[in-house]
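Everything on this sheet refers to the single structure shown next.
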Amino acid sequence: MREHHAVIVIPCFNEAARLDDEALLTLLAPEGVELLLVDDGSTDDTRARLHALAARAPKRIGVLELESNGGKGEAVRRGLEAALLDGALRVGYLDADLSTPTAEMLRILHVLEERPDVDVVLGSRVRLLGRRIERRALRHYLGRAFATAASLSLGLPVYDTQCGAKAFRRTPALLSALRAPFASRWVFDVELLRRLLDGDDDVPGLPPQAFVELPLKEWREVHGGNLGPIAMAKAGVDLALLTVRERARGTRLGHARRRS
Ligand SMILES: Nc1nc2c(ncn2[C@@H]2O[C@H](COP(=O)(O)OP(=O)(O)OP(=O)(O)O)[C@@H](O)[C@H]2O)c(=O)[nH]1
Ligand SMILES: [Mg+2]
């Protein structure tokens, strides 16, 4: 059983006040699902809290301790990499504040089991009648503007690149995409999708049809996080830089291909 396990990575930076142990434990309901709690150099007692939680299911919950704060993207990258090194066949990540409820995260992970043709599943905060997607209006519209720009930058019609719940099948493209730290601190999700689509010299990228978005039934804004409007502005700048870098790279590749 262990060799078919799935790992949900939960990046945690100063989350002591927000961690909900009971809710997090519900992620272990399906057999074969494990958690990897990543302490991103927290300065509160997050680390002790994570160890206490892991002690409640030592075989199924691990703690990865990062010495200094490297940001969510690096915490997620290190966690996913460790899970894959440990043999996980499916991996995912989820924000510690459980804005995406645990049942929804399990639904995301389950898509990979149901659909062998899919390698990447993105939680998507689409507001539809009958669904509970609660976000303040300003956040919603800024988020929509960002998501549109991100989708244009990727050349992939993604509705929501920034939802904090995603799952991936173990593929060579994923292993290669996680090899190096992300260049951008604020839009690592977009950078990860870019890498998965592009592949590298040795590994082909994933085709667009390997990506699916799962509209969430429920998502709520949880206050007390570390990201405010300034972070949103930084994310915009990071996205612009990423797009410019990619264009330059695309042009260079184009020149190189024309020469060869
Ligand atoms: N902000 C931030 N979050 C980190 C960092 N490292 C890991 N994380 C985790 O990344 C996840 C998302 O962080 P949040 O602060 O909830 O970000 P957010 O949801 O965009 O912002 P809020 O709406 O304020 O909650 C959480 O699980 C954090 O603990 C870091 O350096 N900074
Ligand atoms: Mg949050």
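The values are calculated or read from the model by the stated rules, or taken from the named source; none is laboratory data. Please read all numbers here as calculations on a predicted model, not as lab measurements. Heads up, the Cβs are rebuilt from the backbone with ideal geometry, glycines too, and the neighbour counts pull from every protein chain shown.
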Looking at the range 137-176, which of its residues are away from ligand 1 (no atom under 16 Å from the Cβ), closer than 23 Å to Arg220 by Cα and part of a loop (DSSP other than H, G, I, E, B)?
-> Val158, Tyr159
Test result for Leu216, within 16 Å of ligand 1 (Cβ to nearest atom), modelled with pLDDT of 95 or more, aliphatic (A, V, I, L, M) and within 24 Å of Ile133 (Cα to Cα) = yes
Matching residues in the range 106-130 (charged (D, E, K, R), touching a residue at least 12 places away in the same chain (Cβ under 8 Å) and closer than 15 Å to Pro30 by Cα) number 2
Between residues in the range 10-33 that are surrounded by 15 or more Cβ atoms within 10 Å (Cβ to Cβ) and residues that are in a helix (DSSP H, G or I) and not polar (S, T, N, Q), which pairs lie under 6 Å by C-beta distance while being six or more apart or on different chains?
-> Pro11/Lys72; Pro11/Ala75; Pro11/Val76; Ala16/Arg49; Leu19/Arg49; Gly32/His4
Could you identify the single residue in Ala48, Ala17, Ala57 that is touching a Gly at 6+ places or on another chain (Cβ under 7 Å) and either of a type in the set (Gly, Ala, Ser) or within 15 Å of Asp97 (Cβ to Cβ) (or both)?
-> Ala17
Sort through Ala75, Ala82, Ala103, Ala88 and tell me the only one that's in contact (Cβ under 8 Å) with a residue 24 or more places away in the chain, of a type in the set (Gly, Ala, Ser) and within 16 Å of ligand 2 (Cβ to nearest atom).
-> Ala75
